[in-house]
1. Taking the stated definitions as given, is Arg155 closer than 19 Å to His96 by Cα and modelled with pLDDT of 85 or more?
2. Being touching an Asp or Glu at 6+ places or on another chain (Cβ under 6 Å) and outside any helix (DSSP H, G or I) is the filter here; which residues of segment 547-558 pass it?
3. Within the set of pairs 6+ apart or on separate chains, which have a first residue in segment 453-465 that is over 13 Å from Asp432 (Cβ atoms), a second that is modelled with pLDDT under 85 and surrounded by 13 or more Cβ atoms within 10 Å (Cβ to Cβ), and C-beta atoms under 6 Å apart?
4. Collect the residues in segment 104-122 that are free of Cβ contacts under 8 Å to residues at least 12 places away in the same chain and in a loop (DSSP other than H, G, I, E, B), keeping them in residue-number order.
5. I'd like the residue in segment 454-508 that is touching a strand residue (DSSP E or B) at 6+ places or on another chain (Cβ under 9 Å) and closer than 30 Å to Leu526 by Cα and, out of all such residues, is modelled with the lowest pLDDT.
6. Does at least one position in segment 170-184 carry a residue that is touching a residue at least 60 places away in the same chain (Cβ under 8 Å), farther than 22 Å from Lys270 by Cβ and not hydroxyl-bearing (Ser, Thr, Tyr)?
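The values are calculated or read from the model by the stated rules, or taken from the named source; none is laboratory data. Keep in mind it's a predicted model, so treat the numbers as computed, not measured. Positions of Cβ are backbone-derived with ideal geometry, glycine not excepted, and every protein chain shown enters the neighbour counts.
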Amino acid sequence: MSSFVEPVSSPSASGDPAAASASAAAASFAALLGKLDYLPASDIELIRQAYRLADQAHLGQMRKNGDPYITHPIAVAAQCAEWKLDAQALMAALMHDVIEDCGVTKVQLAERFGAAVADLVDGLTKLEKLEFDSREQNQAESFRKMLLAMAKDVRVILIKLADRTHNMRTMGDMPRSKWKRISSETLEIYAPIAHRLGLNFTYRELQDLSFRFLHPWRYDILAKALAKSRTRRKDLIARVQGEVDSAFRQHGLTVRIMGREKTLYSVYRKMDSKHLSFSQVTDIYGFRIVVPELTDCYTGLGVLHQLYKPVPGKFRDYVAIPKVNGYQSLHTTLIGPVGTNIEFQLRTHAMDVVAESGVAAHWLYKANEPGSDTSQRLGTQWLQSLLDIQQETRDAGEFWDHIKIDLFPDAVYVFTPKSKILSLPRGATVVDFAYAIHSGVGNTAVGAMVNGEQRPLRTELNNGDVVEVITNASAEPSPSWLSFARTGRARSKIRHHLKTGAQEKAVELGERMLGQALRSEGIARLPQEDGEYKAVWDKLLRFTGNKSRAELLSDVGMGKRIANMVGKKLAVLLTETGLKPDALLISTERYAGGPGEGSTQGIVSLDGSEGASVQYAPCCRPIPGDRIVGYLGRGEGLVVHVEDCPHGKRLLARDSERFLPVEWADEPVRPFDSAVIVTVNNGKGVLARVAAAIAHAEADINHVDMGEDPAQTTTDIRFTLSVRDRQHLADVLRSLRRTPSVIRAQRFKPVKD
């Protein structure tokens with residue numbers, strides 16, 4: 001490599017600082033060139049040119065420790081070289097600060113090094129401007145920018161991770177006031193990204209460095225404890241390594257055995273989460289065994305299990321079912337010579353490279369395996385999942401909530417009925433599984449068969465479960481699903497559907513209400529927005545301050561605007577165009593007391609399919625057959641009360657202009673909740689008999705409340721039942737009253753104030 005080394009100028013006898021700096025920079029670049037033997041000479045020449053430009057651009061700039069600034073870009077490029085990234089990435093790494101700090105333009109870079117390199121540097125410049133802080137809104141927006149850069153070219157985030165790694169290595173030169181912010185940001189964001197992209201070595205280093213600067217005292221104490229433990233167990237580790245090596249030689253297997261030690265941060269996290277002392281952490285040491293072929297992994301597993309007894313439940317096969325970041329290995333924990341638990345990992349050389357370099361392994365193998373796209377898929381599913389979430393989530397804080405969940409990759413692996421493997425976060429439920437298959441499946445899910453048994457949507461899934469989702473075309477997501485949905489994808493899909501559905505229902509309701517208000521002004525129907533009435537709608541929207549007809553109708557439907565006021569203004573605007581109100585229609589709508597066709601045509605008809613724009617008041621729980629009234633709440637849509645509900649009457653006396661006539665549709669499409677109080681004589685099996693009577697009447701029990709007081713001779717049991725109408729409720733009450741031990745059964749009604 002000597003032919004590629006820049007000439008090094010000797011410092012003057014007087015110890016010229018500038019000459020010394022140049023010498024230090026040249027020495028750093030020479031070390032970088034020594035790592036580029038995997039690149040052709042033409043690429044190395046381009047890298048030399050990039051170095052010259054960066055060196056010139058950063059001339060006179062110094063780092064906190066007094067080194068020339070150019071040593072930082074060289075160190076970043078050296079880390080990228082460790083990952084065997086291509087020449088374009090290395091050139092971008094050397095020049096990643098020249099646009100922001102040195103006045104070099106993107107156009108100049110494109111002209112000299114090509115558009116691809118210029119785009120990489122530009123993407124990195126945007127990331128350099130990101131400063132995460134405690135305010136989640138800024139953090140979320142910053143991560144959104146980073147995500148877009150990653151999705152466009154994953155090399156951007158690889159170079160950024162190399163940049164962050166070097167900054168963390170030299171954090172000791174920074175003011176202590178910056179340690180906490182930068183270390184927290186690294187631990188919460190950059191380390192998990194490194195893990196999701198399979199950069200395990202970088203992931204572990206960033207964790208340890210963050211721990212060191214976040215908790216210096218704890219770090220030092222643990223480091224000393226680990227060093228003492230290493231000394232004490234030195235003989236044991238040598239003995240295990242010798243016995244394992246001997247066992248593999250006896251079976252004719254050529255393997256490479258390496259000792260592995262838990263990182264300080266992982267030891268600290270285990271002690272903290274499980275409240276253990278250092279001496280209670282038993283799996284600090286382990287071994288990695290690299291074998292020639294895939295089948296040798298399983299042969300080696302047999303050799304180890306014959307040598308030492310395995311710990312039950314501590315075997316993981318990540319070869320057959322890789323982790324979401326592409327990691328593959330067999331993991332087994334064995335009981336060593338003196339009863340110490342020791343973890344072994346078995347993998348091939350290719351698996352070992354991917355385990356340490358992750359998505360970066362693509363550049364290492366693409367020349368040797370041009371037809372293989374396996375390595376290119378590493379991390380792709382996760383990035384695509386985040387892009388899907390971003391497209392549906394406009395609120396930055398909500399987006400950040402979703403991706404924080406998906407950044408941490410503890411996973412369970414479950415199967416579809418056709419044996420396709422899906423990876424989900426630990427704690428994922430059937431709902432998460434359904435949305436992982438397809439949003440259409442998730443939106444219509446009503447239950448599932450898990451390992452052949454019918455289970456509800458909130459069922460938490462375990463490794464190896466076979467899940468078949470049961471769907472119903474008329475079903476819709478419920479807001480309650482958000483309480484047990486685990487993945488960001490599922491949560492964003494549920495929220496998106498709820499918002500979209502509520503918007504559509506609110507527009508539909510608003511259209512009916514505004515149409516009714518317009519009839520009261522003598523105009524038979526609500527005009528469309530096109531043609532001759534476009535100017536009218538434009539004036540109305542300027543009057544209300546809404547951006548569109550749909551937004552105005554939604555506001556009317558959600559109670560943010562009073563339909564009668566908007567209707568009066570619209571009627572005036574229509575009259576100005578020459579449209580004359582119908583006096584007979586005005587008279588019919590305003591003054592007809594009977595239920596004639598004219599008076600009821602504008603009444604809002606309810607069938608239970610209205611969604612979030614219509615709420616059935618929990619105080620009186622109206623059901624079909626009840627006489628009802630509608631209250632247009634401020635921002636909460638239409639709230640339906642029973643006509644004699646005390647709360648509804650109080651609202652009517654205070655806010656009568658917000659009430660409008662409503663009625664039940666002839667055929668409601670779903671059952672409704674009704675509250676029932678059953679007074680019983682306490683005794684063995686009484687609750688079962690009451691529940692059986694309710695089931696006999698074909699009603700569903702949604703909630704049971706027996707109060708917190710100790711049971712007396714007689715007890716009131718409060719049920720929330722799902723019934724079709726008043727007649728169905730009457731049948732349920734008759735069934736209850738015929739049940740032994742039941743003293744009284746009646747519908748609950750709110751008490752008058």
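1. Values: closer than 19 Å to His96 by Cα: yes; modelled with pLDDT of 85 or more: no.
The answer is no for Arg155.
2. Our first condition is that a residue be touching an Asp or Glu at 6+ places or on another chain (Cβ under 6 Å); within segment 547-558, this holds for 549, 553.
Result: no residue meets the conditions.
3. That search, which allows pairs on different chains as well, returns Asn463/Val412; Asn463/Tyr413.
4. Thr105
5. Residue satisfying both the conditions and the ranking: Ala502.
6. As a first pass, look at segment 170-184 and keep what is touching a residue at least 60 places away in the same chain (Cβ under 8 Å): 170, 173-174.
Narrowing the set further to residues that are farther than 22 Å from Lys270 by Cβ leaves 170, 173-174.
Filter again for not hydroxyl-bearing (Ser, Thr, Tyr), leaving 173-174.
Checked against the condition, which is being touching a residue at least 60 places away in the same chain (Cβ under 8 Å), farther than 22 Å from Lys270 by Cβ and not hydroxyl-bearing (Ser, Thr, Tyr), segment 170-184 yields at least one hit.
Per-residue answers, yes or no, for (1) among the aromatic types (Phe, Trp, Tyr); (2) under 28 Å from Gln328 (Cβ atoms); (3) modelled with pLDDT of 70 or more:
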position: Lys129; (1), (2), (3): no, no, no
position: Met146; (1), (2), (3): no, yes, no
position: Arg164; (1), (2), (3): no, yes, yes
position: Pro175; (1), (2), (3): no, no, yes
position: Ser183; (1), (2), (3): no, no, yes
position: Ile221; (1), (2), (3): no, no, yes
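Residue-wise test of (1) within 30 Å of Gly515 (Cα to Cα); (2) not basic (Lys, Arg).
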{"position": "Arg654", "(1), (2)": "yes, no"}
{"position": "Leu660", "(1), (2)": "yes, yes"}
{"position": "Ala675", "(1), (2)": "no, yes"}
{"position": "Val678", "(1), (2)": "no, yes"}
{"position": "Ala688", "(1), (2)": "no, yes"}
{"position": "Ile717", "(1), (2)": "no, yes"}
{"position": "His728", "(1), (2)": "no, yes"}
